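Note sheet for the following structure.
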Amino acid sequence: MTSTVNNMMNRKVKNMKRTDGRSQTDVRPITAKTGVIKKADGSAYFKIGNTTAYAAVYGPRNLFPRFLQDPKKGILRCNYNMLPFSASDRVRPGPSRRSREISMITEKALLPVLDLDAYPNAVVDVFIELTETDAGSRCAGICAAAMALADAGLIMKDLVAAVSVGKVGNDLVVDLDGVEEHYNENESTDIPVAMIPSTHEITLLQCDGIIAKEELFKAIDMVKPAMQKIAEVQRNALKEKYR
Amino acid sequence: MSEEQKKVVVPGEILAESMEVLPGFGTYRNEKKIIASRLGLLSQEGKVIKIIPLSGKYLPQRNDIVIGQVFDILISGWRLEINSPYSAMLSMKEASHDFINKGADLTRYYNLEDYVVAKIVNVTSQNLIDVSMRGPGLKKLKGGRIIKINPFKVPRIIGKKGSMVSMIKNATGCKIVVGQNGLVWIQGDPAMEIIAIQTITKIEQESHLNGLTEKIKTYLEQHGLTVVKEESHDEQHDDHSGHEHRQDDQYGEQHDEQKGEEYEEN
């Protein structure tokens with residue numbers, strides 16, 4: 001008991017910059033669940049710290065208008081949306097430049113693992129809703145979407161795990177929260193990364209801020225163990241439904 | 001393997017690391033490893049490792065018996081909604097044993113929103129589907145109820161050589177038709193229809209657990225029904241594999257028991 005307290009104290013003293021007492025490589029507490037939306041073909045819930053994402057998958061289903069159809073393979077359509085009350089400033093409902101961008105990068109982060117060859121002319125729709133956001137929402141959305149796609153019984157090479165890494169002050173840290181993201185008037189660097197956990201292939205890498213090349217490589221290496229942890233949570237959540 | 005509970009696996013999970021075994025349905029090989037490519041139950045048949053899916057949409061296969069709903073009437077046939085990403089085409093020639101004249105009023109045969117039992121005769125690479133209604137047991141469904149179940153659970157609803165569905169049929173006295181696409185038609189006494197639906201939903205929910213036939217038997221007996229169990233060997237484990245192992249006792253009539261066996265030999 002005392003030793004745990006001491007450890008925590010030591011950790012806090014060593015890394016004073018993390019407000020919630022995490023070490024630099026720790027992710028926030030995660031909870032995940034699948035099958036949360038009964039009417040959907042597949043669905044999932046992914047909560048990391050105070051960021052909560054729901055994803056629902058519909059399809060493969062018929063795609064209209066026809067000119068969007070691809071006779072070679074099925075297409076993936078993602079839709080990322082933040083609910084009006086999800087952040088401290090009201091989020092104006094409807095598509096925005098930001099949500100369109102995130103929808104697109106989510107699609108591109110998920111497509112490398114998906115095999116839609118069996119569904120020509122069809123579409124798989126993924127709806128991602130964020131009920132609560134505290135940084136890392138696109139990563140939470142990707143994690144939830146990957147689980148929902150697996151839950152929908154689609155053919156996938158692997159899952160996709162995503163988490164952010166960044167530079168706060170002079171320290172590299174994994175999984176930035178809201179406070180860290182806005183540290184020193186948004187001077188921190190936020191790098192959302194999505195990876196295929198088994199191969200460490202990167203399917204999403206964005207960077208908001210300034211970081212040196214060497215530090216970027218270091219940051220990507222730092223995020224790999226966190227990815228494994230997230231992938232483990234995702235796998236357990238998928239299995240939990242059938243227990 | 002069949003004794004213990006089957007393991008649920010998720011995409012990306014390594015199932016085996018050896019060149020001795022072969023990747024089957026729902027798996028792929030990466031160098032020495034065999035990896036799962038979909039969510040399902042792990043199953044091994046001899047040297048082949050495969051996955052029995054737990055979820056997913058119905059993908060049409062030739063010779064499947066499906067239940068479809070007419071949603072469009074064309075100049076020379078009908079379009080059927082078959083609970084899959086693709087719709088099926090029922091042409092005038094294949095629609096019935098009778099000859100249908102060109103220009104006849106097609107609604108007199110099958111109208112919009114009618115349910116029919118049809119057999120898939122062809123599936124193209126682009127998943128264009130042709131169905132036929134010429135054959136035993138293929139008919140228009142009048143009255144009764146339609147319920148939707150997970151298409152991958154259909155073989156479990158049917159059971160080995162139709163044992164499960166005939167158990168429900170005998171106990172409730174309902175006529176039941178199970179389509180491979182996950183639509184089930186039930187007709188009988190209204191109270192019995194409800195029990196049949198509840199039983200089928202229960203099978204769907206618990207199909208991945210052991211001792212299913214016994215559980216369903218007790219469940220039916222709890223409702224005060226007498227269950228005559230057909231001689232079947234319990235634990236139809238390799239039975240819910242979906243595509244390879246078709247049973248065909250999907251019609252309301254009993255005489256199709258034999259046909260089911262014919263199918264299995266194919």
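Overview of values
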read-out: Per-residue Cβ neighbour rank within 10 angstrom, fewest leading, B:Ser55, B:Ser76; value: B:Ser76, B:Ser55
read-out: Unit charges at the beta carbon, dipole of the protein assembly as shown: most positive-side option, B:Ser55, B:Thr172, A:Leu130; value: A:Leu130
read-out: Tensor-based shape of segment B:147-219 (alpha-carbon gyration tensor, a/c under 1.5 rounded, otherwise prolate or oblate); value: oblate
read-out: Label point distance in nm, B:Leu112-B:Val228, each placed 7 Å from Cα along Cα→Cβ; value: 4.5
read-out: A:Leu205/A:Arg90 FRET efficiency (R0 22 Å; Cβ-Cβ; nearest 0.05); value: 0.10
read-out: Simple Cβ-charge dipole of segment B:65-141, Lys/Arg +1 and Asp/Glu -1, about Cα centre, in debye nearest 20; value: 220
read-out: Karplus (6.51, -1.76, 1.60) ³J(HN,Hα), θ = phi - 60°, over segment A:67-72, in Hz, Gly and Pro reported as x; value: 5, 7, 5, 10, x, 8
read-out: Exposure proxy order (Cβ contacts within 10 Å, fewest to most) of A:Met82, A:Met104, A:Met195; value: A:Met104, A:Met82, A:Met195
read-out: Equivalent ellipsoid, chain A (semi-axes from 5 times Cα gyration tensor eigenvalues, Å); value: 32, 19, 17
read-out: Helix-only mean residue ellipticity at 222 nm for the protein assembly as shown, each DSSP H run of n ≥ 4 adding -39500 (n - 2.57), per residue, nearest 500; value: -8000 deg cm²/dmol
read-out: Anisotropy class of segment A:116-186 from Cα gyration tensor, a/c 1.5 cut; value: prolate
read-out: Separation of alpha-carbon centers, segment A:32-96 and segment A:205-230, rounded to whole Å; value: 26
read-out: Overall form of segment B:65-141 per C-alpha gyration tensor (a/c, 1.5; a/b vs b/c); value: rounded
read-out: A:Lys241 paired with A:Asn186, simple spin-label distance in nm, labels 7 Å along Cα-to-beta-carbon; value: 3.8
read-out: Alpha-carbon centroids, segment A:121-187 and segment B:37-98: separation in whole Å; value: 36
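Here, each number is a calculation from the coordinates, and none is a lab measurement. From a predicted model like this one, the values you see are computed outputs, not experimental measurements. With ideal geometry, Cβ positions are generated from the backbone for all residues, glycine too; neighbour counts draw on all protein chains shown.
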